[in-house]
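Here's the structure we're looking at; comments come further down.
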Amino acid sequence: MLVKRVLVVGGGTAGWMTAAALSNKFRGSPLEIRLIESAEIGTVGVGEATVPHIRHYNATLGFDEAEFLAATKGTFKLGIEFRNWGRLGDSYIHPFGAFGQDFAGVPFHQHWLRMRGKPGVAAFEDFSLPVQAARRGRFHHPSADPASLLNTFNYAYQFDAGLYAKFLRAYAEARGVVRQEGKVVHVSQHGETGFVEAVTLDSGERIEADLFVDCSGFRGLLIEQTLGAGYEEWTHWLPCDRAIALPCPNDGPPPPLTRSTAQKSGWVWKIPLQHRCGNGHVYSSNFISDDGALETLLGAIAAPPLADPNKLRFVTGKRKRQWVGNVVAIGLSSGFLEPLESTSIHLIQLAIGRLLDFFPTGEWDPLDAEEFNRVMVLEYERVRDFLILHYNATERDDSEFWNYCRTMDLPDSLRYKMELFRERGVVVNYRDGMFLEPSWLAVYLGQNVLPNAHDPLSERLSDDDLMAAMADLRARYAAAAEAMPAHLDALAAAA
C-alpha cells in the first residue's frame, strides 16, 4: 500500500517538528499531510533547552538563525552547569566541545589524570573553550578552520517551546500541511491487520490516513490506548516523577548556558531566554511533597513568578515498541527521559530522522518498523545510562533521596562503563548514542569519579614538558574566551 496520506495526531513541539520535516522532505509530491490538535488540550511546552543537534534540524529545513532566534526569543547555549551534584558546593559545566588536545598520541584527559594534584595543574574544565566562554558570559560562533581553537566546540539554543511550535506551524502550513482543530474521540482499526484506518473527531468528522504519527503526549492515544505497545518503566533508576515549571524575569544578562542545581529531593533548572527565565523543579514524590517541591522552587528563583505553576506528572521510561503497524510514536507518546540533559527535543528529532529514513514507499515491510524500534531502543537506553550517572556518581548523604541514588543498583550497561573508567580512565564509545567522550568525561570528573590509574603511554612526556604544554594550552583557551563578545552582544549581532 502506497502511503498517500499522513495524519499527525497532536501538535506541540513534537507534532509540528514532525509536520514541518515531512512537508520539507515531500514538498512538491502528492503526499497529503494533516495535523489534528485541540486548543483545549494543553501541551507540556516546558522543553526550552536543546543540544547542538537541533542546528542540523533547523539547517535541513532552511531556517535562518536570526529569524529563528527572534521568533522564539532564543539565546545561545554552550553547555549545562551542574551545581551541588557530586558534593554540596561543587560546580562543573558539561560543555558542547572537547577538553584539551592529544599529546604524543594520548588523549588529553589521561595526561591530566597523571598530573592531577601536582602544584600548578589547573582544573580540568580550564582546558575547555566553551566552559571558559560560558563562565565569562561570552559567545562566539565556531570557526570552520580545523586549526583554530574556535573549531573545538559546538553550540545549541535555549528558546520558548511554545513560540517554536508556532514558528514550525507557519513553516509547515506554508508548505501544504493542513491543521485540523478537534479532539479524537474514536479510533477505527482494520479488522484483520489491526492497522489504524481513521480517527473520528468530537465534531463527528472522520479522517482517514495511511500512516499515523502519534504526538498525543503522555497518554499515547494511538500507540498505547489503541495498539497497546506496552511501556518499560525506569523509575527505579531515575526516581524523579514530577516537575513544576515557573517562569520569572531575568535577573541579569542571560548567560549562554542552562543551569541545574541539585536539591534534597531532585534538582532545579534555570534556562535564560531573551524575554524571561524558565525555571522548574524536577523531583521525586517519594521523597518530597508537592507543596514542599513548590516551596523549594520559589526559594530558588531570583524574581517574582510571571505565571502560575505548571505541574506535571510523568513516568520515566519508553514504549516497548515505538512503531506498531502503521503508527509511529514521536515525542512524549514514545517515552520520557527527564530533562536533565536537554534530550527531549533531540529524541523527537532523532525519531523524525529515522521515520524519514524508513518512510514506506511501497508495500509495508515489517523490517522497517523493526529497525526503527531497534535503533530507538539503543538511543533511549544510552541516554538513560548517561542520566543515571549524574544521580549515582555522588558523595551526597544529606537526604534519603541522595542515599537512594548513591546506593541503587545500576543497569549492567552503565555498571560496565563506570567500572572501566574507574579502572583506567577509559570511556566506552559506541557508534549509536548522542553523548560522546567529552560528555562522559565532564560528568565523571565533575562529580569526582576518578580512575585508579592513567594510561602509561602518558609517561612518554616528562613532567616539565607536559606542564609547559598544558600551561600554554590553558592560556590560549583563556585568551580566546576573553576575546569573545558578551553573549548579549553576540545575540544582537546575530539579529
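Using 0.36 nm per residue and subtracting the Cα-Cα separation, the extra length available between Asn452 and His56 on full extension is 138.7 nm. The slack between Arg374 and Lys25, meaning 0.36 nm per residue of separation minus the straight C-alpha distance, is 123.3 nm. Sequentially through the stretch 177-187, phi angles give Karplus couplings (6.51, -1.76, 1.60; θ = phi - 60°) of 5, 9, 8, 10, 7, x, 10, 7, 10, 7, 10 Hz, Gly and Pro residues having no value and appearing as x.
A Stokes-Einstein calculation at 25 °C with viscosity 0.890 mPa s, built on the Kirkwood radius of the stretch 211-299 over Cα pairs, returns a diffusion coefficient of 159 µm²/s. Compared with the alpha-carbon gap, the fully stretched path from Ser38 to Asn286 is longer by 86.0 nm at 0.36 nm per residue.
Summing -39500 (n - 2.57) over the DSSP H runs of n ≥ 4 in the chain and dividing by its residue number, what mean residue ellipticity at 222 nm do you reach, to the nearest 500 deg cm²/dmol? Present the calculation step by step, with values, prior to reporting the outcome.
Details: 14 runs with 171 residues, N = 495.
Rounded to the nearest 500, it is -11000 deg cm²/dmol.
For the stretch 408-460, the calculated P(r) over all alpha carbon pairs, in 10 Å bins from 0 to the bin holding the longest distance, is 22, 53, 22, 2 percent. With all protein chains kept in place, the per residue accessible area of the chain amounts to 41 square angstrom at a probe of 1.4 angstrom. Sparsely packed loop sites in the stretch 404-446 (the chymotrypsin sites (Phe, Trp or Tyr not before Pro) outside DSSP H, G, I, E and B with at most 13 other Cβ atoms within 10 Å) comprise Tyr430. For the stretch 6-34, backbone nitrogen atoms closer than 17 Å to the point 7 Å from Phe359 Cα along Cα-to-C-beta are found at 6-9, 15-34. Remark on the stretch 108-253: Rg and Dmax equal 25.1, 75 Å (Cα only).
Here is the list for the stretch 97-145: trypsin sites (Lys or Arg not before Pro) lying in DSSP coil, each with at most 15 other C-beta atoms within 10 angstrom of its C-beta, are Arg116.
Spacing of the modelled spin labels on Val178 and Asn250, each 7 Å from Cα toward Cβ, amounts to 4.2 nm.
Considering all alpha-carbon pairs of the stretch 321-437, what whole percent are spaced by more than 23 angstrom? Percent of Cα pairs beyond 23 Å in the stretch 321-437: 42.
The Kirkwood hydrodynamic radius of the stretch 293-377, based on inverse pair distances between different Cα atoms, is 15.4 Å. In the stretch 202-279, the portion of solvent-accessible area held by carbon and sulfur atoms comes to 48 percent [1.4 Å probe, whole percent, DNA, RNA and ligands not counted]. Going by the alpha-carbon gyration tensor, a ≥ b ≥ c the square roots of its eigenvalues, is the stretch 390-495 rounded (a/c under 1.5) or, if a/c is not under 1.5, prolate (a/b greater than b/c) versus oblate? The shape class here is oblate. A DSSP coil position with no more than 10 other Cβ atoms inside 10 Å describes the following GluC sites (Glu not before Pro) in the stretch 328-390: Glu363. For the chain, the longest principal axis of the C-alpha atoms and the axis of helix 161-174 are separated by about 50°.
What is the antiparallel percent of DSSP beta bridges lying wholly in the chain, to the nearest 5?
Beta bridges within the chain, antiparallel portion: roughly 70 percent.
In units of the rule-of-thumb radius 2.2 N^0.38 Å, the stretch 102-185 shows an alpha carbon radius of gyration of 1.90. A simple charge model with +1 on the Cβ of Lys and Arg, -1 on the Cβ of Asp and Glu and nothing else charged puts the dipole of the chain at about 580 debye relative to its Cα centre.
Give, rounded to the nearest 20 debye, the magnitude of the charge dipole that the stretch 205-324 has about its Cα centre when Lys and Arg contribute +1 at Cβ and Asp and Glu contribute -1 at Cβ. Before the final figure, lay out each step's value.
Working: 13 positive and 13 negative charges, 62 e Å.
Dipole of the stretch 205-324, to the nearest 20 debye: 300 debye.
Calculated on the alpha-carbon coordinates, the convex hull of the stretch 329-381 measures out at 68 cubic angstrom per residue. Translational diffusion of the stretch 242-287, estimated by Stokes-Einstein from the Kirkwood radius over alpha carbon pairs at 10 °C in a medium of 1.306 mPa s, is 142 µm² per second.
Set the Cα radius of gyration of the stretch 1-132 against 2.2 N^0.38 Å, with N its number of residues, and you get 1.58. Rule-of-thumb check for the chain: C-alpha Rg over 2.2 N^0.38 Å? Here the Cα radius of gyration is 1.01 times the empirical estimate. Taking all protein chains together and rolling a 1.4 Å probe, Thr258 ends up with roughly 10 Å² accessible. The calculated FRET efficiency for the pair Arg116 and Ser143, based on their C-beta separation and a Förster distance of 25 Å, comes to about 0.25. Taken along the Cα-to-beta-carbon direction at a fixed 7 Å, the label points for Asp398 and Arg313 span 3.0 nm.
Size of the stretch 87-128: Rg and Dmax of its alpha carbons, in Å, are 11.6, 37. Heavy-atom accessible area, probed at 1.4 angstrom with all protein chains present, ranks Thr296, Thr193, Thr72 as Thr193, Thr296, Thr72, highest first.
I'd like the carbon and sulfur percentage of the solvent accessible area for the stretch 1-141, probe radius 1.4 Å, heavy atoms only, ligands and nucleic acids excluded. Mind showing how you got there, number by number?
Values: 2580 of 5210 Å².
With neighbouring chains kept in place, the figure for the stretch 1-141 is 49 percent.
The lysine pair tally for the chain, using Cα distances under 25 Å and a gap of 8 or more places or different chains, is 17. The heavy atoms of Tyr171 offer some 20 square angstrom of accessible surface to a 1.4 angstrom probe. Along the stretch 123-129 the Karplus relation, 6.51 cos²θ - 1.76 cosθ + 1.60 evaluated at θ = phi - 60°, assigns HN-Hα couplings of 5, 4, 5, 5, 9, 10, 5 Hz to successive residues, with x for each Gly and Pro.
Note that the stretch 349-356 has calculated 3J(HN,Hα) couplings of 4, 4, 5, 4, x, 5, 4, 5 Hz, one per residue in order, obtained from phi through the Karplus relation 6.51 cos²θ - 1.76 cosθ + 1.60 (θ = phi - 60°); glycine and proline are x.
The values are calculated or read from the model by the stated rules, or taken from the named source; none is laboratory data. Worth saying up front: this structure is predicted, and the values here are computed from it rather than measured. Here the Cβ is made from the backbone with ideal geometry for all residues, glycine too, and neighbour counts use every protein chain on show. To get the accessible areas, we keep the full protein, side chains included, count just its heavy atoms, and leave off ligands, DNA and RNA. Shrake-Rupley method; radii C 1.70, N 1.55, O 1.52, S 1.80 Å.
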